[in-house]
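All remarks here apply to the structure that follows.
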Amino acid sequence: MKKIIFALTATCFLVLACDKIDSLLDTTNYQKADTSNFPKTEKDAVQIVNSIYSSMTKYYMDPKRQPVWRNLVAGDENLGGGNTETQGIDRLLEDDSSNFEDCWASRYKTIFRSNFAIESISQLDDDVFSSPEYKNYLLGQAYFLRAWTNWELAELFETFPLLTSTEPVNIPRSSVDEIYESIASDFETAISLMSAKYDYTPGNSETTARATRYAAEAALARVFLFYTGFYGKDSMFGVTKDKVVNYLKDIVNNSNFGLVDDPREIWSWTNEYSSGFAYGTDFNTYASQNNLRWVGNLCKESIWVTHFSLVGDYNDGYNRLSDYTGLRGGSGKKNPDAESYPYGKGYYARSVNPNMVKDWLTDPDYGARDIRLWGSLFATGDIDQRLDWMNGQYVELPAFSMMTVKDDQSEDSHFRVKKYMPVVAYDGAAKKNLYKIWYYVTQLVRNEVKTADRSDVIHIRYADVLLMLDELQGTVNGMNRLRQRAGLEPYSGYTFERLQKERRYELAFEGFRFMDLRRWYPKDAGRIISNNQEGVYIEHRGNVIEKGWQNVPGNSIEKRYNETRGFWMIPTSEIILSDGVLEQTPGWTADYDYIWSKERLPY
């Protein structure tokens, strides 16, 4: 009897279409493939692994429910801005109990596809493949993708039903130890399976935007640091500090990954269309003033990314982090114009915490000479006249203001993020029309109806590898490489405070800070975040708030962190569908007042 494959969105018996895989496993049309004759070839195996990646590119159609966005906003780098859900995230609250429904379902679809790949490819004879090495590389990717997906679920929910086969089961949350043991095992299996020959090589179709053994080594190091820090452990199920150090050294000594010359050129706002370089002219942007040229997607510093199709349809998935980072306002309109060039429109769902800017700018080890400061964020309006420590400092968009769009303007600090900011380009040297950029490798396609940012979501950079290695060894080598690149003098030696600052500024606005604070200060992260935000300069609906940013009375970030420990709620629909087998994340019980709305802003 042919086996019908179906995916679970939770631990209940729910059958969902699993897109390409389900169509291949049709058990009624015998002219199509099913599990009695699929997979049979190397091409089939490749298609199965491709289907896992395909499921992941659609995550960022709904970016506010992904770990990157949650970690960006829940830490002390960003304030909530003008988006109601993001204001809630900033305070560890939700505006709807169903927010994570799509995220939960999509992650389990990815896990199902990974499990199917592991089970089916393992059963194929080696002689089906061009080499046993390539078969192992395909399997290694499946193990990596399952481990990475489980890690993202662990970031969000701490524990969840751990599924390691395609069999449908209705089980409760697995334990912390069960989950991290599985993640560690899968990453180590991936490392052992994937040959070093499948390394980063520009233009190599076998490794482009794919997991490699080096991505697995780096990801395992990140999980190790969180697990041992947050849970107070010395090792992680056979993974020791020495082993992790050796994995990171393997990346540094043997991989083709490395640092790009200028960290600002990793980000798409430095593209040659926006600067004018593509037209042989200069549009007088920060990028052109500093002669910056975008290195493009899949650069040598990007060890693991979510990469989007450059030729696919709008609905195939794209990077909507930019939509929620983009600007509102300017000249009394909701859409940016020449006053905000080259930065594009969006929902203005986060502004930069002024305390972070002040710390960076006034730190004698960093300051304005650190090219990463104004390469990571920019100031607008007359903020240099409103804050004494900004007096005489660089304001990139002095003519831009959101105050004319009062209904949309909330918790506006006048500081904006550049990383994942949408960018626009003039239509040639005539400088008449503004367009959102839809990136191809060699050309620019303009589409005003359905624009789509195809820049990578970068999960692991080579810079992070250097900093993790320094942190584990108590060395300063990686930090000094990054400081030299940033135009700063070297540190004389290692201290934990220096490591913390270097991570804060090198990896700013990339989704690291919240998890770093939690692993360094598992019990006090909420207090630290709350203290770093309370009272900072903001404007709300065109008015300066005298007391600055404020916690919700009786429901502060510190209180919420103590209750949730920084984890998020499982969608209530999944608990209902599991017939009570699945329990809610602590701190998110039904009788708790966790629902956020813009009416609860204390201004």
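The values are calculated or read from the model by the stated rules, or taken from the named source; none is laboratory data. Only a predicted model underlies this, so the values are computations on that prediction, with no experimental measurement involved. A quick note on method: Cβ atoms are made from the backbone with ideal geometry, for glycine too, and the neighbour counts reach across all protein chains shown.
Within the range 52-67, identify whether any single residue is of a type in the set (A, V, I, L, M, F, W, C), within 26 Å of the chain's Cα centre (by Cα) and more than 25 Å from ARG513 (Cα to Cα), and answer yes or no.
yes
Considering only residues that are touching a Lys or Arg at 6+ places or on another chain (Cβ under 7 Å), assigned to a loop (DSSP other than H, G, I, E, B) and not hydrophobic (A, V, I, L, M, F, W, C), look in the range 509-536 and name the one that is surrounded by the fewest Cβ atoms within 10 Å (Cβ to Cβ).
Only one residue fits best here, namely GLY535.
Looking at the range 175-211, which of the residues that are in contact with a strand residue (DSSP E or B) (Cβ under 8 Å, 6 or more places away or on another chain) and not in a helix (DSSP H, G or I) is nearest to SER255 (Cα to Cα)?
TYR200
Residues to consider are TYR214, TYR231; find the one that is closer than 21 Å to ASP464 by Cα and modelled with pLDDT of 95 or more.
TYR214
Of all the residues that make up the range 234-274, how many are surrounded by 16 or more Cβ atoms within 10 Å (Cβ to Cβ), of a type in the set (Val, Ile, Thr) and outside any helix (DSSP H, G or I)?
Going through the range 234-274 one residue at a time, the tally reaches 2.
Need the failing condition index for GLN584 against (1) surrounded by 17 or more Cβ atoms within 10 Å (Cβ to Cβ); (2) over 24 Å from GLY81 (Cα atoms); (3) touching a Phe, Trp or Tyr at 6+ places or on another chain (Cβ under 6 Å); (4) not basic (Lys, Arg), just the number.
All conditions are met except number (3).
Would you mind finding the one in LEU162, LEU156, LEU92 that is in a helix (DSSP H, G or I) and of a type outside the set (Ser, Thr, Tyr)?
Of the residues listed, the single one that is in a helix (DSSP H, G or I) and of a type outside the set (Ser, Thr, Tyr) is LEU156.
For every residue, the table says whether it meets (1) modelled with pLDDT under 95; (2) part of a loop (DSSP other than H, G, I, E, B); (3) crowded, with 23+ Cβ neighbours inside 10 Å.
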position: SER55; (1), (2), (3): yes, no, yes
position: VAL68; (1), (2), (3): no, no, no
position: GLY81; (1), (2), (3): yes, yes, yes
position: TRP104; (1), (2), (3): no, no, no
position: SER114; (1), (2), (3): no, no, yes
position: TYR134; (1), (2), (3): no, no, no
position: GLY140; (1), (2), (3): no, no, yes
position: THR149; (1), (2), (3): no, no, yes
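Filter the range 499-539 down to the residues that are of a type in the set (Ser, Thr, Tyr) and without any contact (Cβ under 8 Å) to a residue 60 or more places away in the chain, then identify the one that is farthest from THR325 (Cα to Cα).
If we take residues in the range 499-539 being of a type in the set (Ser, Thr, Tyr) and without any contact (Cβ under 8 Å) to a residue 60 or more places away in the chain, then TYR521 is farthest from THR325 (Cα to Cα).
Out of curiosity, is THR585 among the polar types (S, T, N, Q) and without any contact (Cβ under 8 Å) to a residue 60 or more places away in the chain?
So THR585 fails the test.
Residues ILE575, ILE557, ILE570: which one is of a type outside the set (S, T, N, Q), surrounded by 17 or more Cβ atoms within 10 Å (Cβ to Cβ) and without any contact (Cβ under 8 Å) to a residue 12 or more places away in the chain?
ILE575
Going by the structure shown, is ASN253 more than 23 Å from the chain's Cα centre (by Cα) and over 30 Å from GLY381 (Cβ atoms)?
The answer is yes for ASN253.
What are the pairs, 6+ residues apart or on separate chains, where a residue within the range 237-261 that is modelled with pLDDT of 95 or more has its Cβ under 9 Å from a residue that is β-branched (Val, Ile, Thr) and exposed (fewer than 15 other Cβ atoms within 10 Å of the Cβ)?
ASN256/THR201
Let's see how each residue does on (1) at pLDDT 95 or above; (2) among the charged types (D, E, K, R):
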| position | (1), (2) |
| --- | --- |
| GLY493 | yes, no |
| GLN500 | yes, no |
| ALA508 | yes, no |
| ASN532 | yes, no |
| LYS547 | yes, yes |
| GLN550 | yes, no |
| GLU563 | yes, yes |
| TYR594 | no, no |
| LEU601 | no, no |
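Look through the range 38-53, keep the residues that are among the β-branched types (Val, Ile, Thr) and in a helix (DSSP H, G or I), and return whichever of them is nearest to TYR108 (Cα to Cα).
Out of the qualifying residues, it is ILE52.
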